[in-house]
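The values are calculated or read from the model by the stated rules, or taken from the named source; none is laboratory data. Computed from a predicted structure; not experimentally measured. Here the Cβ positions follow ideal geometry from the backbone for every residue, glycine too, while neighbour counts run over all protein chains shown.
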Amino acid sequence: MHCGLCPRDCGAERIGENRGFCGETAGLRIARAALHMWEEPCITGRGGSGTVFFSGCTLGCVFCQNASIASGGAGKEVSVGYLAEIFLRLQEEGAENINLVTGDHFVPQIVKGLQRGRDGGLCIPVVYNTSSYVKADTLRCLEGLVDIYLPDFKYYDSGRAYRYAKAKDYPLTAKEAIKEMVRQQGKPEFIGKNGESLDSRAYNALDDPEGKTMSRGTIVRHLLLPGGLEDGKRILSYLLDTYGETIYISIMNQYTPMGVFPEMPELNSRVTEEEYEALLEFAIDRGIENGFFQEGNTAEESFIPSFHGEGV
């Protein structure tokens, strides 16, 4: 069977040692499965998000913050049954949700793992964390199994998408992917600290942020890149004009140079405080209400988890 899960349509058989563009065979590989405390407040909650980091990546940005698993080969092969056991273990450890990170190229296996997990008592929300470089048809396979979508919207300009990820079609693909996510989830819903159901009007991240968690919805992330202010503004404008209060938008400043880029010198520096403040001011001027922003110096390698097989 030739793989066509992602927009690369590389056609790889992914059998034996044959790998797709993602760098993976059909063998399900994960690099970390543990509680994570650094997501948006309504994802982290009090107990932390039960993150499962999958090896490989369909997009392959040159500046990847998780390069050791995206393209560096880190990870261990596991069975679908063991994946379900990991979900249940994280639930027992107090995870607010199961957070599936960069698993687009393993969707068939993830679907089976979630089904087995539910059969075994998995009852906390499932978060699907993606670059948005994924086909809408692939996302439809997850309908009814995923409760919260946590997609990136990395580039609006196709030239930037090609420069950094050799994916000129990324902007259109991301739009179609996010459209499908919002179709599945609708307006955001939350759970209060006493178990009551809340809508977005009753949720305020500044009011006891760890006391309320999302139970359904879509949060679109945008990581501001050095020199990417105008592209960021176009992304925010598109999201606000298209979805309004139907989604949350997370505006991130944590870009950390993970190498030296002689042909892309702009990537060798961090985002300036002025750039980030300008993007936040733009969002506020555009009337954003459902949003998250980052405070302090988040552009540190200490915010990037180690991938040494923890929890696997």
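Have a look at C64, C22, C10, C57 and point out the one that is within 19 Å of the chain's Cα centre (by Cα), more than 19 Å from L150 (Cα to Cα) and in a loop (DSSP other than H, G, I, E, B).
The conditions single out C22.
Identify, by number, the condition in (1) exposed (fewer than 14 other Cβ atoms within 10 Å of the Cβ); (2) in a loop (DSSP other than H, G, I, E, B) that E281 doesn't meet.
(2) is the only condition that E281 fails.
Restricting attention to the stretch 121-132, which residues are within 20 Å of I219 (Cβ to Cβ) and surrounded by fewer than 18 Cβ atoms within 10 Å (Cβ to Cβ)?
none
Hey, can you tell me all the residues within the stretch 137-162 that are without any contact (Cβ under 8 Å) to a residue 24 or more places away in the chain and of a type outside the set (G, A, S)?
Of the stretch 137-162, the ones without any contact (Cβ under 8 Å) to a residue 24 or more places away in the chain are 137, 144, 158-159, 161-162.
D137, Y162, listed by residue number.
Out of E196, E266, report the one residue that is acidic (D, E), under 17 Å from K154 (Cα atoms) and exposed (fewer than 15 other Cβ atoms within 10 Å of the Cβ).
It is E266.
Under 6 Å between Cβ atoms, at least 6 apart or on separate chains: pull out the pairs that start in the stretch 245-256 with a residue that is touching a residue at least 12 places away in the same chain (Cβ under 8 Å) and end on any residue that is among the aromatic types (F, W, Y) and part of a strand (DSSP E or B).
Sorted first by the residue in the stretch 245-256, then by its partner, the pairs are S250/F292; I251/F293.
Which residue, of I191, I247, I235, is modelled with pLDDT of 95 or more, touching a Ser or Thr at 6+ places or on another chain (Cβ under 7 Å) and either surrounded by fewer than 18 Cβ atoms within 10 Å (Cβ to Cβ) or of a type in the set (A, V, I, L, M) (or both)?
Every option except I247 fails the conditions.
Looking only at the stretch 92-120, count how many residues are touching a strand residue (DSSP E or B) at 6+ places or on another chain (Cβ under 7 Å) and either surrounded by fewer than 18 Cβ atoms within 10 Å (Cβ to Cβ) or not in a loop (DSSP other than H, G, I, E, B) (or both).
Qualifying residue count for the region: 9.
Filter the stretch 25-54 down to the residues that are at pLDDT below 90 and under 14 Å from the mean Cα position of the chain (by Cα) and list them by number.
W38
Restricting attention to the stretch 68-84, does a residue exist that is modelled with pLDDT of 90 or more, within 15 Å of N99 (Cα to Cα) and touching a strand residue (DSSP E or B) at 6+ places or on another chain (Cβ under 8 Å)?
yes
Taking only the stretch 86-138 into account, find how many residues are β-branched (V, I, T) and over 27 Å from G20 (Cα atoms).
Looking only at that region, the number is 1.
For the condition surrounded by 18 or more Cβ atoms within 10 Å (Cβ to Cβ) and either under 15 Å from the mean Cα position of the chain (by Cα) or not basic (K, R) (or both), what is the one hit in A165, A136?
Unique residue meeting the criteria: A165.
Out of the stretch 25-54, which residues are among the charged types (D, E, K, R) and not in a strand (DSSP E or B)?
E39, E40, R46
When both residues are 6+ apart or on different chains and their Cβ atoms are under 6 Å apart, which pairs have a first residue that lies in the stretch 97-113 and is hydroxyl-bearing (S, T, Y), and a second that is crowded, with 22+ Cβ neighbours inside 10 Å?
T102/F54; T102/C57
Any residue at all in the stretch 66-75 that's surrounded by fewer than 20 Cβ atoms within 10 Å (Cβ to Cβ) and without any contact (Cβ under 8 Å) to a residue 12 or more places away in the chain?
Scanning the stretch 66-75 turns up at least one residue that is surrounded by fewer than 20 Cβ atoms within 10 Å (Cβ to Cβ) and without any contact (Cβ under 8 Å) to a residue 12 or more places away in the chain.
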